[in-house]
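Quick notes on the structure that follows.
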Amino acid sequence: MVADATSSVRRSRVLLAPITVSPTKPLTPTHVKYLLSLDMIKRSTSALSDVDVAYHHAVYTGSRQVAGFWDYLDRCHPGLDAGALSEEDIGHLYVAHHRSGTAPFASIRPMVRRAEEGWVHPVSARLLDLWEDHYRRLGMADPHLGRGRPALASIDEVVDLLVRHDVCVDGRPLGAPVYLDATRTGLPLRPVLSEEGQSNYLLYLLRELIPVLPQYDLVVLAHDVELRSDYRTVARVLETLGAASVVRFEVPRVPLDGITRSARAGGWEEYTLDAFQGPLIEEHGLAAFRLGLRLYLVAGLGRTAAQSFSLRQLGRWVRRARRLLTDHTDGGPEATRYLAGLTGRQGYADPYRVATALLSRDSEVPVAGLLRMMTGGMEEQ
């Protein structure tokens, strides 16, 4: 899949297709671990392949998670001054929305329609602006991540295509739901369109990915561990539709005070970026904070994130990052060939392996070159 760095073979085309963080809540350590992992995949894999990222909030705004929140805001908080809200203020509104109960789909259908036509609620627009500030401060390669609106295939087009490939049960003629069907591979039926016409996030995902599948040699589906079953089904469906190769990359939720929970439950107030980044940046500098946060969340907490997020531990990793940056200021060898070996046949660079390589004391590991790759362009933001 990935050509040797010295070869004249065509560079492979990779589509990184992550589930998006819905613009309804503050970025918690779980979200930051996920986003920085994506950033590391994009940066390191781009040394070997041409990488595009399918990450657009507008694709999913018609989902119940987003449109339901927007409907709640308009019903319960009319006239809200979105521009005056902090990220935490918006998060508290999101928690209150979930505590108020789930509205029936019929009542939020007008909001779903507005969202699917491209309208964005001012509260989410405000949150996206706040996130862009975070992305710049974190040194992410694309601080505009999530902006834009790609063309989507229609529901009828997607369902008809899935039926023709025998990976869908279309119950619409009987007034029943539509299901993804990967039962031949031992996976359960998964509803994606209710009898009322409500799409879930998987149908939006397929509407975005199916039109572009022929353009790519590899699709990397990124998601959190709780969505493993859904994404195993999506991977099977995409392979059946002719995707050249599909792999999955999972990121675990990061516990806070020993508890792993969704942002909708609250409990994140002391753990947002605004709550802890200031003192660390002031003491150690922005470059050390950017690198240290990556190393802590990706390498320190690891693939399982069994330990709770710790500000004390983060401080240690930021100090370690500062030493790394100080000790590896020379040019050093290029890291492309090393990354090609690290990537192997899976076709993309695993951020955990890249992060742990940065900590290696092996003289054969091009730490300086990897650091340049991971921090390139950050000084311009």
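Listed by first and then second residue, the pairs linking a residue in region 141-168 that is of a type outside the set (Val, Ile, Thr) to a residue that is open to solvent by 50 Å² or more (accessible area, probe 1.4 Å), with Cβ atoms under 6 Å apart and 6 or more places separating them unless they lie on different chains, are 141/42; 143/136; 153/211; 165/240.
In a residue-by-residue description of region 95-115, the property of being among the charged types (D, E, K, R), closer than 19 Å to residue 146 by Cα and either touching a His at 6+ places or on another chain (Cβ under 7 Å) or at pLDDT 95 or above (or both) applies to at least one position. Residues in region 57-66 that are assigned to a helix (DSSP H, G or I), in contact with a Phe, Trp or Tyr (Cβ under 8 Å, 6 or more places away or on another chain) and not polar (S, T, N, Q) were compared, and the one that is most open to solvent (accessible area, probe 1.4 Å) is 64. When the residues of region 1-46 are filtered to those that are basic (Lys, Arg) and modelled with pLDDT of 95 or more, the one that is nearest to residue 305 (Cα to Cα) is 33. Might you let me know whether region 44-52 holds any residue that is out of contact with any Asp or Glu (no Cβ under 6 Å at 6 or more places or on another chain), over 30 Å from residue 300 (Cβ atoms) and surrounded by fewer than 19 Cβ atoms within 10 Å (Cβ to Cβ)? Taking every residue of region 44-52 in turn, at least one turns out to be out of contact with any Asp or Glu (no Cβ under 6 Å at 6 or more places or on another chain), over 30 Å from residue 300 (Cβ atoms) and surrounded by fewer than 19 Cβ atoms within 10 Å (Cβ to Cβ). Scanning region 342-357 for residues that are assigned to a helix (DSSP H, G or I), touching a residue at least 40 places away in the same chain (Cβ under 8 Å) and either buried (at least 21 other Cβ atoms within 10 Å of the Cβ) or touching a Phe, Trp or Tyr at 6+ places or on another chain (Cβ under 9 Å) (or both) yields 343, 351, 354, 355. Mind checking which residues of region 358-376 are open to solvent by less than 20 Å² (accessible area, probe 1.4 Å) and either under 23 Å from the mean Cα position of the chain (by Cα) or of a type in the set (Asp, Glu) (or both)? Those that are open to solvent by less than 20 Å² (accessible area, probe 1.4 Å) and either under 23 Å from the mean Cα position of the chain (by Cα) or of a type in the set (Asp, Glu) (or both): 358, 370, 371, 374.
Inside region 214-258, residues that are over 15 Å from the mean Cα position of the chain (by Cα) and without any contact (Cβ under 8 Å) to a residue 40 or more places away in the chain make up a count of 8. The combined condition, being surrounded by fewer than 17 Cβ atoms within 10 Å (Cβ to Cβ), at pLDDT 95 or above and part of a helix (DSSP H, G or I), is fulfilled by residue 136.
Under the condition of being surrounded by fewer than 17 Cβ atoms within 10 Å (Cβ to Cβ), of a type in the set (Phe, Trp, Tyr) and within 24 Å of residue 130 (Cα to Cα), the residues counted in region 67-117 number 0.
Looking across region 37-48, the residues that are over 13 Å from the mean Cα position of the chain (by Cα) and either outside any loop (DSSP other than H, G, I, E, B) or farther than 10 Å from residue 349 by Cα (or both) come down to 43, 44, 45.
The values are calculated or read from the model by the stated rules, or taken from the named source; none is laboratory data. All figures in this text were calculated on a predicted structure; none of them were measured in a lab. Counting neighbours? That spans all protein chains shown, and the Cβs are built from the backbone with ideal geometry, glycine included. We work out accessible area using only protein heavy atoms, side chains counted, and drop any ligands, DNA or RNA first. Shrake-Rupley method; radii C 1.70, N 1.55, O 1.52, S 1.80 Å.
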